[in-house]
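> Mind having a look at this structure? Questions to follow.
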């Protein structure tokens, strides 16, 4: 079913975008019309990406005249399940979720399907194709691969073997799995360039990441190639590398070739000309993702489709020191950095 409806997702997105570009109209609900209510359940607001995604979704829904019920699970999967069940009991018209993980996403989808309420999953896909949901997610494997490929090209210029390190996300999250795979796709492509990678588990937690990276750098002081599965860890990385004399700008002796994935404001600041520490970062196109999912969920609510099913793929891209001049403002974090 998912494959059959993918083609329809483009039409849904196009319809939404054309509507957004049209002249200002009256509020979505006139007198006598039903006022739709959307439950927006999110995992937390710990990173700039989730904060920006939350802002884009809530502002767009409210601008269209929807009531929005917001619930924050603070990374507690069981709490998120109860919150969504409560939204269903309130007879909301639609549900949008940033799930805690891919496992709980399946349970949320099952509850929504049983109640006949359309559900949209933002950026963190369910672990399988069970149930019907509108799902938008970045192609993490391809985005990570493009980022690490650029880093590998830079590493080849050094003319020697490279010791790589990857900071791995929580592998209960399909995003982390895809990013790790993208990293290894490139490592395995260049067996004569890379030594066996060092892995640091982060669990998407800055304290866990710091302790793991400190231990790894102590055991492997020759690490000179670092990929972080999320840009939010750059301050943590700086805190570990700087005291070791390994936090060096691009072009300086001892620079650790560095890249990550998300496309946040911090990554953009660390890629600025003349003060660049980061070689490349993979970008999730947050605005595309929010618009795509909103287009699909709103269409389902307004047409009465109770269990819509479609996969909306965000191809993303890699912002690198080689394309900064033309691609910088395509990254959501750079728009925030420059106040755009």
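The values are calculated or read from the model by the stated rules, or taken from the named source; none is laboratory data. Model, not experiment: these values are computed from the prediction. Counting neighbours? That spans all protein chains shown, and the Cβs are built from the backbone with ideal geometry, glycine included.
> Considering 68, 84, which residue is over 23 Å from residue 172 (Cα atoms) and either out of contact with any helix residue (DSSP H, G or I) (no Cβ under 8 Å at 6 or more places or on another chain) or not assigned by TED's automatic domain parsing to the domain that holds residue 207 (or both)?
68
> So which of 319, 233, 241, 293 is crowded, with 23+ Cβ neighbours inside 10 Å, at pLDDT 95 or above, in a helix (DSSP H, G or I) and touching a helix residue (DSSP H, G or I) at 6+ places or on another chain (Cβ under 9 Å)?
After ruling out the rest, the residue left standing is 233.
> Also, quick follow-up: Given the condition within 25 Å of residue 96 (Cβ to Cβ), free of Cβ contacts under 8 Å to residues at least 60 places away in the same chain and not in a helix (DSSP H, G or I), answer yes or no: does some residue in the range 298-305 qualify?
Looking for residues that are within 25 Å of residue 96 (Cβ to Cβ), free of Cβ contacts under 8 Å to residues at least 60 places away in the same chain and not in a helix (DSSP H, G or I), one finds at least one in the range 298-305, hence yes.
> Could you list, in sequence order, all residues of the range 158-170 that are surrounded by 15 or more Cβ atoms within 10 Å (Cβ to Cβ) and either in a strand (DSSP E or B) or free of Cβ contacts under 8 Å to residues at least 60 places away in the same chain (or both)?
162, 164, 165, 166, 167, 168
Listed here are the residues, each with its yes/no results for (1) at pLDDT 95 or above; (2) buried (at least 16 other Cβ atoms within 10 Å of the Cβ).
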site: 181; (1), (2): yes, no
site: 185; (1), (2): yes, no
site: 188; (1), (2): yes, no
site: 197; (1), (2): yes, yes
site: 200; (1), (2): yes, yes
site: 204; (1), (2): no, yes
site: 207; (1), (2): yes, no
site: 215; (1), (2): yes, no
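> Residue 107 versus (1) assigned to a helix (DSSP H, G or I); (2) in contact with a strand residue (DSSP E or B) (Cβ under 8 Å, 6 or more places away or on another chain); (3) not assigned by TED's automatic domain parsing to the domain that holds residue 236: which is the lone unmet condition?
Just one mismatch for residue 107, condition (2).
> Let me ask another. What is the residue count in the range 118-138 for residues that are part of a loop (DSSP other than H, G, I, E, B) and in contact with a strand residue (DSSP E or B) (Cβ under 6 Å, 6 or more places away or on another chain)?
Number of matching residues: 4.
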